[in-house]
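What follows is one structure encoded as structure tokens, with my remarks underneath.
The values are calculated or read from the model by the stated rules, or taken from the named source; none is laboratory data. Just so we're clear, the structure is a prediction, and the values are computed from it rather than from any experiment. Cβ placement follows ideal geometry from the backbone for every residue including glycine, while neighbour counts extend to all protein chains displayed.
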Amino acid sequence: MPQRVIVAEDNYLLRESVRRLLEEGGIEVAGVCEDLESLLAAVDADPPDVVLTDIRMPPTGTDEGIRAADALRDSHPEVGVVVLSQYAEPAYALALFEHGSERRGYLLKERVTELEQLVTAIEEVAAGGSVIDPKIVDALVAARMRRPQSPLERLTPRETETLGEMAQGKNNAAIARSMVLSERAVEKHINSIFSKLDLSETPDVHRRVKAVLLFLSEQGS
């Protein structure tokens with residue numbers, strides 16, 4: 001069965017171009033919207049597998065895509081959201097993943113013309129995974145390089161190795177098998193990582209995503 005997608009984009013020409021492109025890629029476009037209110041109403045009426053949304057739409061033209069993703073996490077947690085942005089804006093990406101990376105993706109609009117990548121991202125998010133544009137990681141790298149010292153330098157070699165395993169999307173059981181450790185030992189390493197990265201007061205899923213994004217940005221550098 002093809003993935004069902006609702007497209008939210010206030011620019012008519014781009015919206016129709018995305019619709020045609022997705023249909024060429026075997027994706028069923030269940031609806032199109034041009035603002036936040038109509039998007040949320042469309043999902044309520046007939047939930048799709050994934051929402052593909054511009055990050056800036058009416059009414060304010062600021063962060064409607066992020067707000068939609070947050071609202072749908074509560075009202076329709078089974079619906080994936082892929083946010084499209086014209087620019088590499090790490091702050092928006094971090095806001096999107098703030099409450100967890102499951103069923104969330106952040107791509108630059110230039111990927112819209114790359115049908116295979118766009119379809120792959122939609123399928124990955126629909127399956128419960130996450131996608132982040134490589135250029136966003138590059139932007140995170142640049143941001144990290146402007147800072148005097150990386151908090152990752154506080155980690156022991158074993159903790160750094162554990163964080164590298166986390167960055168591959170592995171759960172604690174998989175990390176334990178890979179590193180030949182008990183799950184309890186892995187949990188201790190992860191809790192120490194969170195503490196050293198000053199993430200001890202945030203929810204577990206948020207901490208995991210933030211730690212991995214930081215690791216990926218520094219690996220890129």
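Is it fair to say residue 16 is outside the structural domain of residue 211 (by TED's automatic domain parsing), more than 30 Å from residue 166 (Cβ to Cβ), touching a strand residue (DSSP E or B) at 6+ places or on another chain (Cβ under 9 Å) and surrounded by fewer than 17 Cβ atoms within 10 Å (Cβ to Cβ)?
yes
Report yes if some residue within segment 14-27 is of a type in the set (A, V, I, L, M, F, W, C), free of Cβ contacts under 8 Å to residues at least 40 places away in the same chain and closer than 21 Å to residue 96 by Cβ; otherwise report no. Let's see the steps before the verdict.
Residues of segment 14-27 of a type in the set (A, V, I, L, M, F, W, C): 14, 18, 21-22, 27.
Checking the rest, the ones that are also free of Cβ contacts under 8 Å to residues at least 40 places away in the same chain come to none.
Looking through segment 14-27, none of the residues is of a type in the set (A, V, I, L, M, F, W, C), free of Cβ contacts under 8 Å to residues at least 40 places away in the same chain and closer than 21 Å to residue 96 by Cβ.
With respect to residue 100, determine if the residue is outside the structural domain of residue 198 (by TED's automatic domain parsing), buried (at least 16 other Cβ atoms within 10 Å of the Cβ) and free of Cβ contacts under 8 Å to residues at least 40 places away in the same chain.
The answer is no for residue 100.
Please determine, by comparing only the residues of segment 47-90 that are hydroxyl-bearing (Ser, Thr, Tyr) and at pLDDT 95 or above, which one is farthest from residue 14 (Cα to Cα).
Per the criteria, the residue is 75.
Report, by residue number, each residue of segment 127-150 that is part of a helix (DSSP H, G or I), of a type in the set (Gly, Ala, Ser) and at pLDDT 75 or above.
139
Could you tell me which residue of segment 151-188 is surrounded by the fewest Cβ atoms within 10 Å (Cβ to Cβ), considering only residues that are basic (Lys, Arg) and in a helix (DSSP H, G or I)? Steps first, please.
Taking segment 151-188 and keeping what is basic (Lys, Arg), we get 154, 158, 170, 177, 184, 188.
Subset that is in a helix (DSSP H, G or I): 154, 158, 177, 184, 188.
Working: 154: 15, 158: 13, 177: 13, 184: 9, 188: 14.
If we take residues in segment 151-188 being basic (Lys, Arg) and in a helix (DSSP H, G or I), then 184 is surrounded by the fewest Cβ atoms within 10 Å (Cβ to Cβ).
With the condition kept exactly as written, say whether any residue in segment 203-216 is free of Cβ contacts under 8 Å to residues at least 12 places away in the same chain and surrounded by 14 or more Cβ atoms within 10 Å (Cβ to Cβ).
Going through segment 203-216, the residues free of Cβ contacts under 8 Å to residues at least 12 places away in the same chain turn out to be 204.
Imposing the further condition that a residue be surrounded by 14 or more Cβ atoms within 10 Å (Cβ to Cβ) reduces the set to none.
No, segment 203-216 contains no residue that is free of Cβ contacts under 8 Å to residues at least 12 places away in the same chain and surrounded by 14 or more Cβ atoms within 10 Å (Cβ to Cβ).
Which residue, of 126, 139, 95, is within 21 Å of residue 215 (Cβ to Cβ) and in contact (Cβ under 8 Å) with a residue 40 or more places away in the chain? Break it down stepwise before answering.
Values: 126 fails: within 21 Å of residue 215 (Cβ to Cβ); 95 fails: in contact (Cβ under 8 Å) with a residue 40 or more places away in the chain.
The match here is 139.
I'd like the full set of residues that are more than 14 Å from residue 137 (Cβ to Cβ) and surrounded by fewer than 17 Cβ atoms within 10 Å (Cβ to Cβ), limited to segment 77-90.
Scanning segment 77-90 gives 77, 78, 86, 87.
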